[in-house]
Structure formats: structure tokens, C-alpha cells
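Every number in this text was worked out from the coordinates using simple rules, so none of it is lab data. Computed from a predicted structure; not experimentally measured. Every residue, glycine as well, gets a Cβ built from its backbone with ideal geometry; the counts of neighbours run over all protein chains shown.
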Amino acid sequence: MPDSSRTVLVVDDDPVMLAFLDRAVGAEYAVVSAADGAAALDRVRAGGVDLVVADLKMPGLDGFAFTEALRADERTARLPLLILSGSDTSADRIRCLRLGADDFVAKPFNPEELMARIANLFRRLG
């Protein structure tokens, strides 16, 4: 059963992936979206977001810088964050986790796994 009381912000600069995430995550939660890290930060700071799913490689403010900015702001420091990336290097995963991401999922991914990870983050952190 969908939980529309929780809002997930999905962030990706690829419009096809953004639409896919909107459909997949939207089947279970309310969804808002942003096409880059700067817009995502503005959306998070405006309030009403319960969890963020963000792409790592974006123009301008990439996933690393987005994670740092999110964690540096006391208003958003505890917001659950899952990073998605087409780069599945150990170095990228470790860097994201050390910067404060709560989870990391490599693309391509199984949508059911993504949804299970989101549910786990809500259960543990939210």
C-alpha cells in the first residue's frame, strides 16, 4: 500500500532516468523531483522532503558536493540520502558513505531492490 505521507525527492540530470524514478518511487511514496544538485538543495531546504535519492554524476553540483552541502546544514544533516551511480567503483562508494550518504546503489539496478532500500532507510532513519 502506498505511503503518500512520506515524500521522496529524486534527483537526476537524465530526464529518462528521472521519469523512471518518478514512476518507480511514486508507486509507493509521494515524489518531487529535481534535475540537478543545486535545485535539489533548494527543494530540500524549502521543507517537506523525507528522503532523497540522488544521482552521483550531475553537472554543476555533483552528488559528492550535494552530500557535503546536505550534511553541513543542520536543517538537512539527518535527512536520509541514497546515492545512485553508473560508476560502481569502490572509491566512489566509500567516498559517498564517508561524506554521509546512508546508502549507495549502482546503475543499472533492480527497482524492487531500490524500493526495499528506501523502505529500510525509512524504517531505520525516518
Query raised in the report: Are any residues in region 58-109 among the polar types (S, T, N, Q), in a helix (DSSP H, G or I) and over 16 Å from residue 41 (Cβ atoms), and if so, which ones?
Result: 90
Requested in this report: Pick out the one residue from 117, 23 that is within 18 Å of residue 3 (Cβ to Cβ), free of Cβ contacts under 8 Å to residues at least 40 places away in the same chain and touching a strand residue (DSSP E or B) at 6+ places or on another chain (Cβ under 7 Å).
Outcome: 117
Query - Selected residue (only one of 26, 60 is of a type outside the set (S, T, N, Q), surrounded by fewer than 18 Cβ atoms within 10 Å (Cβ to Cβ) and at positive phi) - result: 60
Requested in this report: Collect the residues in region 80-105 that are surrounded by fewer than 17 Cβ atoms within 10 Å (Cβ to Cβ) and touching a strand residue (DSSP E or B) at 6+ places or on another chain (Cβ under 6 Å), keeping them in residue-number order.
Outcome: 88
Query - Boolean, residue 94 is at negative phi and touching a residue at least 12 places away in the same chain (Cβ under 8 Å) - result: no
Query raised in the report: in a helix (DSSP H, G or I) and more than 17 Å from residue 9 (Cα to Cα) - does that describe any residue in region 23-43?
Result: no
Query raised in the report: For region 31-56, which residues satisfy the criterion of being buried (at least 23 other Cβ atoms within 10 Å of the Cβ) and within 15 Å of residue 122 (Cα to Cα)?
Result: 52, 53
Query - Members of region 74-87 found to be free of Cβ contacts under 8 Å to residues at least 60 places away in the same chain and under 26 Å from residue 17 (Cβ atoms), listed by number - result: 76, 79, 80, 81, 82, 83, 85, 86, 87
